[in-house]
Amino acid sequence: MKSRRFRSRFASAFWRGAGSVVFAGIALSAAGLPARAASLLPTNFFDRIPQTQSGQAGVEADELNYNSSTGIITAAGNVGLSYVGYYATADHMVFNQTTRELVLEGNVNIVDPEGVEYTADKVTVTNGFRDAVLNAMVMTTPDGAVVTGSQTRKIRDQVTTIDDGTYAPCGTCTDAKGRRIGWRVRTEKIVQNSEDHYTDLDQPILEVLGVPIAWLPWIRLPDLTQEDGSGFRTPSTAYSDKIGVKASLPYYYSIGNGMGLLLTPSLISQQGLLMGAQFSQKFAGLGSYSVTAHGIYQLDPGAFNPGFGDTETRGSIQTSGEFMPVKNWKAGWSYTAFTDPAFLTDYLIDTPSPAVNEAYVTYLSPKTFGDARVQEFRLLGEVPQATQDQQAALLPKLRVDHVEDLGGNGTLHASGDFIGVARAADQVSSNAIAYRLGTEEQKTHGTGQVDWSKQFILGPSVITPMAGLRVDYATYNGASALQPGAQTLFSAAPIAALDVRVPFVAYDGASSHLIEPVAQVYYRGGDTAPGITNDNAQSFTFDEANLFSYNKFSGTDRQETGLRANLGVHYLANFADGSYIDAVAGQTYHLAGPNGLNTPDAVNAGAGAGVWGNASDIVAGVRAGMGPVTLSARARYDIGANEIAAAATQVSYAGNGWSASVDYSYMAPDPARGYTAIQQDIGGSIGVPIADYWSATADIGWDITAGKMVSYDAGLVYDDGYFQAGIKAKSSGPLIYDPSTFSYAFTFKLKGPDGSSFGS
């Protein structure tokens, strides 16, 4: 036959209905990764076999022959095949219609629909396209990760075996200057079973920067596509002065039906074996729960302070769960119990502090939000029981919000809160001024509010009137000697407000400027302290962020009252080069009626915040960005004293591997809050590239008033994009509440091509 290049109509026909795709053998495993490496691989990495059961394949070649007696088709010279998004090239192809065997030889190159490229010397597909063998395989993902194997075998779409397998997220792991970077794993053999969901690695070796650093004779890992597959999870290490080195090797055992058991034995160099176990169960589409326990028999109980771990046995139990039984509804719980509150922190078991014991139900729809829960707060660490008794329990805590769009008639907003507070002991702190942060009590406080608002456009003005009503009911049992006597309160507070804005906009085709004067007048009646005791409105600040708020208190136990006005201006500029300026300045005024902002309470809420007079301090804030430089600043100016009452600013730069920032804060003397002298602090940080992949960092904090160092730290980091390692040392104090501390930390992270990482 004369040599020619053509696309054969007959060749297209014989591929129709061939069953599994020709390239069924290309679902390769990169199981040479450490456990938890699934995030380092492309999505569906082990599942690249198209499920199409029919289709047409195109064949191109310089020479194409068909032997009708044997049913063998051969192609030679620039062979090209295409099938349902796959494309392959080779020097030579043989297909046996009788045995359904396909052989590609010589410079085989295959690209799948997701852009993953495979090269091999020879590819053989047999057994109805369910088995395959690839010799000298190299697989390259679109993000540059590479998997290799001297021979790769796929059997019945279930078991993949790779001899002399390697995985490297950094491709060749050599940079433009010929230096070794990143990491890779190489093994003598990888066996990945997609039916039983496990991966065996024979002689796995982890290489970092081309240097072998870890080796195991054999390890079985879960199938990286099966979240619940049995096998080892990522090992970890940690260190503290109290317990020494902590080395953990978790193992997950899949029980089935969504259930699993995670066992985490940890060797503690100074105390022995810490055993952890977590039982979890998932319900498809409904939710999940888990129960976790830790325990240890301590070799040296005397290493811990009396009453905080100086016993032979210590432990904890934690449980949590969350379920979505019906649409828009969610219910859950969390609970932590321990032998002593310092156990979890001493043994570096990751748990937020305070630990929140709670049960809750939440409802969320486009118009309505509802939440009901009971909560108990337990502080972790060397916390005495007397301090634990000062923590409040919320029995219960309820919240509901509903917004109704009335079409052209405005918006209706209804909300309600109910809180029950139980506290076993008074909580009082003092910084020259006594603060009653919490009282021994049984207290309830219910609040309901409904308001209506509608926006009108009148010429250049945007006018928004608002009218509403707030109702409060509160009780207090008078258990505290600090505030004896039971009390009950009921109040109704009418609310009316008018918001007027006049925006002026200038645009030159590249940059825009907005200047928006804002004037608000609002009235609120009722009691200034409808909560009797103040449990949830203690933190109070006045700055540009809440200048235009109708109630500047942080919780429902306090509220603004009387007739007030907020006046200010907002300026926003966006420039063609991406730079911006965003600034707000203004003042609030008390016009008539009781002034809720200068009514004292046991925690001095609002004292020293610049709002106790009829005219408040002037507040201003600005944020700006100019290329690599960002700036933020805010200040509060006391017009009566003709001085700056408080100010803070920060300037930062980041670009070309360099980073730097400086921040400064200032507060004038504030006897109302116990500060008789000026408070000033300054801090700075810098990051310096010192060589390719290497950088140094340093931070410092200085108390100008006291003339002493508050904190400082320094670090050295290597990061080539795939491997990161570093060391950091930090010192702080002594501060007002915290003693001097010194700590250091090591980092070791292996990164995937998408930036995901694991390590510590």
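The values are calculated or read from the model by the stated rules, or taken from the named source; none is laboratory data. Everything quoted here is computed from the prediction, not taken from an experiment. Cβ placement follows ideal geometry from the backbone for every residue including glycine, while neighbour counts extend to all protein chains displayed. Areas reflect the complete protein model, heavy atoms only, side chains present, ligands, DNA and RNA absent. Shrake-Rupley method; radii C 1.70, N 1.55, O 1.52, S 1.80 Å.
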### Message
Of the conditions (1) assigned to a strand (DSSP E or B); (2) open to solvent by 60 Å² or more (accessible area, probe 1.4 Å), Leu572 satisfies every one except a single condition; which number is it?
### Response
(2)
### Message
One residue is enough: does the range 666-685 have a residue meeting the conditions open to solvent by 70 Å² or more (accessible area, probe 1.4 Å), touching a residue at least 40 places away in the same chain (Cβ under 8 Å) and within 29 Å of the chain's Cα centre (by Cα)?
### Response
no
### Message
I'd like to check something: does the range 433-442 contain any residue that is small (Gly, Ala, Ser) and either closer than 18 Å to Asp601 by Cα or open to solvent by 40 Å² or more (accessible area, probe 1.4 Å) (or both)?
### Response
yes
### Task
Look at Ser539 and say whether it is among the small types (Gly, Ala, Ser) and closer than 28 Å to Gln427 by Cα.
yes
### Message
Here's a check for you: in the range 469-509, which residue that is among the hydrophobic types (A, V, I, L, M, F, W, C) and assigned to a loop (DSSP other than H, G, I, E, B) is least open to solvent (accessible area, probe 1.4 Å)?
### Response
Val502
### Message
With the requirement that a residue be more than 25 Å from Arg233 (Cβ to Cβ) and either among the polar types (S, T, N, Q) or open to solvent by less than 40 Å² (accessible area, probe 1.4 Å) (or both), what does the range 174-202 give you?
### Response
Thr174, Asp175, Ile181
### Query
Just one of the numbered conditions (1) under 35 Å from the mean Cα position of the chain (by Cα); (2) under 21 Å from Gln520 (Cα atoms) is not true of Gly610; which one?
(1)
### Message
Just checking: which of the strands (runs of 3 or more DSSP E) contained wholly in the range 62-116 hold 2 or more residues that are modelled with pLDDT of 85 or more, within 17 Å of Asn127 (Cα to Cα) and not basic (Lys, Arg)?
### Response
86-96, 101-111
### Message
What's the total number of residues in the range 510-536 that are closer than 16 Å to Gln559 by Cβ, open to solvent by 20 Å² or more (accessible area, probe 1.4 Å) and assigned to a strand (DSSP E or B)?
### Response
1
### Yes/no for Gly625 being under 23 Å from Ile682 (Cα atoms), within 36 Å of the chain's Cα centre (by Cα) and at pLDDT below 95
no
## Note on the structure
Taking the range 276-293 and keeping only residues that are in contact with a strand residue (DSSP E or B) (Cβ under 6 Å, 6 or more places away or on another chain), assigned to a strand (DSSP E or B) and either in contact (Cβ under 8 Å) with a residue 60 or more places away in the chain or not hydroxyl-bearing (Ser, Thr, Tyr) (or both), one is left with Gly276, Ala277, Gln278, Phe279, Gln281, Lys282, Gly287, Val291, Ala293
### Task
Run Leu572 past the list (1) within 24 Å of Lys397 (Cβ to Cβ); (2) at pLDDT 95 or above and report the number of the one that doesn't hold.
(1)
### Message
Kindly evaluate Val421 against the criterion of being β-branched (Val, Ile, Thr) and open to solvent by 40 Å² or more (accessible area, probe 1.4 Å).
### Response
no
### Query
Just for strands (runs of 3 or more DSSP E) wholly inside the range 169-223: which have at least 2 residues that are of a type in the set (S, T, N, Q)?
189-193
#### Entry: Residue identified as under 16 Å from Ser480 (Cα atoms) and either at pLDDT 95 or above or of a type in the set (A, V, I, L, M) (or both) among Ala425, Ala414, Ala432
Ala425
### Query
Consider Gly625 against the criteria (1) without any contact (Cβ under 8 Å) to a residue 40 or more places away in the chain; (2) closer than 30 Å to Asp719 by Cβ; (3) of a type outside the set (A, V, I, L, M, F, W, C): it satisfies all of them except one. Which criterion is unmet?
(1)
### Query
Which of the residues that make up the range 67-88 are open to solvent by 50 Å² or more (accessible area, probe 1.4 Å) and under 16 Å from Tyr118 (Cα atoms)?
Gly85, Tyr87
### Query
Which one is farthest from the chain's Cα centre (by Cα) among residues in the range 364-387 that are among the β-branched types (Val, Ile, Thr) and under 19 Å from Ala425 (Cβ atoms)?
Thr387
### Task
Looking only at the range 404-418, count how many residues are over 13 Å from Lys454 (Cα atoms) and either without any contact (Cβ under 8 Å) to a residue 60 or more places away in the chain or surrounded by fewer than 16 Cβ atoms within 10 Å (Cβ to Cβ) (or both).
4
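For (1) open to solvent by less than 10 Å² (accessible area, probe 1.4 Å); (2) touching an Asp or Glu at 6+ places or on another chain (Cβ under 6 Å); (3) not hydrophobic (A, V, I, L, M, F, W, C), each residue gets a yes or a no:
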| position | (1), (2), (3) |
| --- | --- |
| Leu102 | yes, no, no |
| Asn107 | no, yes, yes |
| Glu114 | no, no, yes |
| Val125 | yes, no, no |
| Thr148 | no, no, yes |
| Thr152 | yes, no, yes |
| Thr161 | no, no, yes |
### Where Ala537 falls short, out of the listed (1) more than 26 Å from Trp612 (Cβ to Cβ); (2) touching a residue at least 60 places away in the same chain (Cβ under 8 Å)
(1)
## Note on the structure
Picked from the range 579-634 (must be among the polar types (S, T, N, Q), over 28 Å from Asp535 (Cβ atoms) and not in a loop (DSSP other than H, G, I, E, B)), the residue least open to solvent (accessible area, probe 1.4 Å) is Gln587
#### Entry: All positions within the range 345-363 that are within 23 Å of Lys246 (Cα to Cα) and under 22 Å from the mean Cα position of the chain (by Cα)
Thr345, Leu348, Ile349, Asp350, Thr351, Pro352, Ser353, Ala355
### Message
Could you tell me how many of the residues in the range 650-659 are in a strand (DSSP E or B) and either open to solvent by 50 Å² or more (accessible area, probe 1.4 Å) or in contact with a Gly (Cβ under 7 Å, 6 or more places away or on another chain) (or both)?
### Response
6
### Query
Do you know which residues across the range 271-288 are open to solvent by 30 Å² or more (accessible area, probe 1.4 Å) and either of a type in the set (D, E, K, R) or within 30 Å of Val245 (Cβ to Cβ) (or both)?
Leu273, Met275, Ala277, Gln278, Phe279, Lys282
